[in-house]
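Scroll down for the structure; my scribbles are underneath it.
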Amino acid sequence: MKKLFIPLITMICISNVIYAYTFTGLVANKMDSRAIPYATVSLLRVDSTLQSGTITDEKGSFSINITDDAQILRLSFLGYKTMHYDVKEIKEG
């Protein structure tokens, strides 16, 4: 299995929609920092049901709207370990 990949997630703006935040980020290989195109980015509720999702573009970038009922940000790509991040920690950090 390839080395873990790490997202570079930054909050770009807070939307005017109540309780929704827009996050943008970059999914990259941890070893060489190369972008991972077409990785799956999913938002899960506390019971692990899918709320919404997207994929990264050819440069590994993504943008997703996060609402208050989203609890987990999941990043996955074939051949890499799936990563899970607490949305609350992302919002605060």
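The values are calculated or read from the model by the stated rules, or taken from the named source; none is laboratory data. All values derive from a computational prediction rather than experimental measurement. Every residue, glycine among them, receives a Cβ derived from its backbone with ideal geometry; neighbour counts consider all protein chains shown. Calculation scope for accessible area: heavy atoms of the full protein, side chains included, ligands and nucleic acids excluded. Shrake-Rupley method; radii C 1.70, N 1.55, O 1.52, S 1.80 Å.
Is it the case that Glu89 is at pLDDT 95 or above and of a type in the set (D, E, K, R)? Before you say what the answer is, go through the steps one by one.
Working: at pLDDT 95 or above: no; of a type in the set (D, E, K, R): yes.
Considered against the rule, which asks whether it is at pLDDT 95 or above and of a type in the set (D, E, K, R), Glu89 comes out as no.
Report, by residue number, each residue of region 45-92 that is aromatic (Phe, Trp, Tyr) and within 15 Å of Phe23 (Cβ to Cβ). Break it down into steps so the answer makes sense when it comes.
Let us first name the residues in region 45-92 that are aromatic (Phe, Trp, Tyr), namely 62, 77, 80, 85.
Matches in region 45-92: Phe62, Tyr85.
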The number of residues in region 25-79 that are open to solvent by 30 Å² or more (accessible area, probe 1.4 Å), in contact with a strand residue (DSSP E or B) (Cβ under 9 Å, 6 or more places away or on another chain) and of a type in the set (Val, Ile, Thr) is 6
Residues of region 34-86 satisfying the condition of being at pLDDT below 90, among the small types (Gly, Ala, Ser) and within 18 Å of Thr24 (Cβ to Cβ): Ala70
